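Notes follow the structure.
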Amino acid sequence: MQILDCLFSSPAWQIVTVFAAACILAGVVIYIYLHHIHKKEQRQAAKPHVIFDEHILDDVAIHSPLRNVSAWLKLLLCLSTIVISVMSPLPYLPLFIAVVMIFASLVIAKVNPRLYGPLLSIPFVFAVTGALLLLFVTGGGDTLADLFTIGTIHFQITTKSLDLAILVISRTFAGMCTMYFLILTTPMTSLFMVLQKIRIPQTLIDLSMLIYRYIFVFIAEAIEIHNAQVMRGGYNTWKEGLNTFAMLVSMLFIRTWEKGEDIIFSMDSRCYDGCMVLPDEKGRATPLSVISVFVFIAVIIYLLIWEMTLL
Amino acid sequence: MNDNVLTFENIRFSYPGRPASLKGISFSVKRGKKVAVVGPNGAGKTTLLLMCNGTLVPESGRILVNNEEIAYDRTGLRSVRSKVGLVFQNSDSQIFAPSVFADVAFGPANLHLPDEEIKERVKDALFAVGLKGYENRPPHHLSGGEKKRVAIAGILAMHPEILVADEPTASLDPATAVEIMDLLDELHENGTTILLSTHDVELAYRWADEVILLSDGTILHQGSPAEIFADNDLMKTARITPPVLLDLYHELVRKHLLPSSIPPKGIPEMTRLIEGPDSAAVTGTIYLADTDAMTAESLKSLLTKHPAWHTGAIETKSRKFCLMSEVMIEYTHGVVDKCLLSAMNGEDSLILTCGGMLGRVEFRVDTFAKESGTNVKVIRV
């Protein structure tokens with residue numbers, strides 16, 4: 001009872017508790033959803049077993065309605081939002097940012113919620129485990145619940161540790177939602193020019209362009225090898241699976257090597273002389289988009305200052 | 001001074017630690033020819049093609065490009081590679097840039113051309129292969145045929161004199177393969193010499209001016225397709241099956257069902273042979289329309305005026321034009337052959353195309369008319 005009294009004594013805490021409950025609920029829903037999908041897959045035993053879909057994030061970014069918006073603008077929005085949400089001392093601002101970014105991703109960028117939900121559940125799991133650890137390990141403030149003691153270590157929840165855990169979850173959430181907004185609206189190809197303009201060494205950009213291109217080639221290759229292995233019962237037992245996976249990895253290494261040699265041939269046949277061309281993509285920044293980005297940044301800076309005065 | 005663009009003189013080569021792949025290869029390719037290197041798997045086709053632009057260095061012998069021996073130093077190789085463009089069999093190894101634009105621009109940029117010209121060349125090359133508007137697509141979002149087109153565009157942008165393609169139609173579906181071959185024909189029409197390797201005898205028989213038959217690292221024969229594919233002993237030594245059409249022709253001649261004459265190049269010639277020389281009276285006309293000089297309305301009014309015409313479109317651009325003007329086209333592949341067959345049935349047909357293909361269609365129909373003794377006429381509208 002003491003905990004509940006404490007939790008509901010201030011309005012701020014009420015919001016936080018409601019949010020925590022909502023998160024747990026969301027987690028449960030996602031778990032049930034994934035479990036449901038898993039069961040469905042088990043029922044349809046003939047469904048091909050694929051490691052992962054190689055194109056999904058890239059596909060969404062390329063077909064995004066915001067694709068042609070200037071990459072600078074999107075980068076400015078996302079970087080400043082992430083920095084501000086990390087600076088925030090209280091969880092309200094990050095939660096506000098997370099909500100805005102989810103809204104932006106789902107409504108403005110029209111990302112399919114069926115993709116967005118599972119995507120968000122990945123960082124959510126990490127954030128929650130991290131926060132749980134913080135909850136029990138850090139201390140300070142009043143003790144809310146003393147769970148148990150091992151030797152000299154007390155596993156207890158204190159007001160400070162609860163604050164910290166919730167702050168960490170909210171910041172992670174805001175950061176991830178912002179990152180997803182960027183990833184799901186900006187294809188990698190439009191970022192290379194930005195990288196060059198901000199004076200990242202050319203060698204690194206060339207390398208990242210080649211890496212970006214060949215990630216997809218090798219994922220496709222890995223899926224092919226994996227399918228061939230599954231087809232012949234490669235992963236039947238745990239031990240066999242380990243063996244088969246080792247084969248996949250070594251095969252992939254050899255193929256990488258061969259592909260590397262092919263690229264050298266191919267670059268040489270086109271007179272490679274140290275010149276890589278960057279994708280030529282000019283985004284447009286409409287006055288409306290520029291204004292809305294700056295208004296949003298101004299609002300969150302104002303909220304940040306307001307939060308600082310609350311302390 | 002002869003007009004050989006590419007000459008191999010007694011070339012020998014072996015990969016380290018393996019038996020010899022090429023055992024004394026000598027041949028030459030004349031300017032403006034369409035040459036196919038035909039041979040079974042492991043005959044050394046790819047090795048041979050990789051030597052054309054100095055990627056592999058022969059152990060002995062000389063390779064001459066434009067009657068100049070390849071110098072295997074930096075500047076020498078650069079000049080050879082800007083003259084000889086090589087399209088690899090696997091497009092994924094050839095396309096390494098993150099977007100179509102970046103990949104096609106790679107060659108011109110490394111020739112240190114000014115920015116404006118690079119953009120111009122990329123635009124032209126993508127237009128030539130029918131991929132206008134694909135500039136910002138990443139390569140993994142393209143189909144196999146589109147990847148092959150991008151690979152060809154990347155070479156075209158360097159304005160090579162010789163286009164060397166390793167198995168250009170391998171792992172493409174038949175319709176896409178025909179489109180790629182149409183594209184190569186078009187490039188040939190614009191003055192590029194083309195050398196390609198293939199084990200598809202049907203393709204080599206129909207397409208090539210000249211065939212080089214390669215087997216086990218040696219050249220068995222170099223000559224016209226009919227001459228090579230008609231020689232059963234050569235076919236047996238090279239482990240190659242003759243083209244179906246030629247096989248059928250020889251079988252029919254053996255049974256005295258057909259007179260022995262020039263082996264037929266395609267279905268129209270074969271049909272003509274079976275018909276015999278007496279039935280030349282009724283022929284239809286082939287009308288030729290330039291889609292560059294047409295609008296959707298003029299095409300529609302032309303077709304409503306002549307509803308009985310068969311229609312065919314050659315070339316990606318013309319096909320797109322028909323799609324845009326919402327006109328259903330009857331033939332999209334092997335158009336000229338189909339129209340010739342219709343003409344022999346006394347029916348008229350309309351071929352929609354543009355640029356250099358106009359002249360090519362006329363040439364093909366004229367040669368057919370001359371060889372077969374029919375009076376098929378081509379009229380531009």
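What to note about this one:
- Residue check, A:ILE301 surrounded by fewer than 16 Cβ atoms within 10 Å (Cβ to Cβ), without any contact (Cβ under 8 Å) to a residue 40 or more places away in the chain and away from chain B (no Cβ under 14 Å): no
- Applying the criterion of at least 2 residues that are of a type in the set (D, E, K, R) to the helices (runs of 4 or more DSSP H) found wholly in segment B:20-139 leaves B:74-83, B:115-128.
- Any hit, segment A:170-188, residues being within 14 Å of chain B (Cβ to nearest Cβ), in contact (Cβ under 8 Å) with a residue 12 or more places away in the chain and in contact with a Lys or Arg (Cβ under 9 Å, 6 or more places away or on another chain): yes
- Meets criteria (modelled with pLDDT of 85 or more, surrounded by 11 or more Cβ atoms within 10 Å (Cβ to Cβ) and away from chain B (no Cβ under 14 Å)) for A:LEU288: no
- Selection count where residues are surrounded by fewer than 23 Cβ atoms within 10 Å (Cβ to Cβ) and in a helix (DSSP H, G or I), scope segment B:147-178: 6
- Summed over segment A:108-163, the residues that are farther than 19 Å from A:PRO89 by Cα, among the polar types (S, T, N, Q) and not in a helix (DSSP H, G or I) give a count of 5.
- Segment B:97-154, subset β-branched (Val, Ile, Thr) and more than 22 Å from the chain's Cα centre (by Cα), residue farthest from A:LYS259 (Cα to Cα): B:ILE118
- Given (1) away from chain A (no Cβ under 14 Å); (2) surrounded by 17 or more Cβ atoms within 10 Å (Cβ to Cβ), number of the condition B:LEU77 does not satisfy: (1)
- Test for B:THR291: is it surrounded by 15 or more Cβ atoms within 10 Å (Cβ to Cβ), of a type in the set (Ser, Thr, Tyr) and under 22 Å from B:LEU183 (Cα atoms): yes
- Considered as a group, the residues in segment B:304-327 that are assigned to a helix (DSSP H, G or I) and over 24 Å from the mean Cα position of the chain (by Cα) include one that is farthest from B:ILE286 (Cα to Cα), and that residue is B:MET324.
- Some residue of segment B:117-135 being among the hydrophobic types (A, V, I, L, M, F, W, C), farther than 22 Å from A:PRO187 by Cα, touching a Lys or Arg at 6+ places or on another chain (Cβ under 9 Å) and within 8 Å of chain A (Cβ to nearest Cβ): no
The values are calculated or read from the model by the stated rules, or taken from the named source; none is laboratory data. Just so we're clear, the structure is a prediction, and the values are computed from it rather than from any experiment. Positions of Cβ are backbone-derived with ideal geometry, glycine not excepted, and every protein chain shown enters the neighbour counts.
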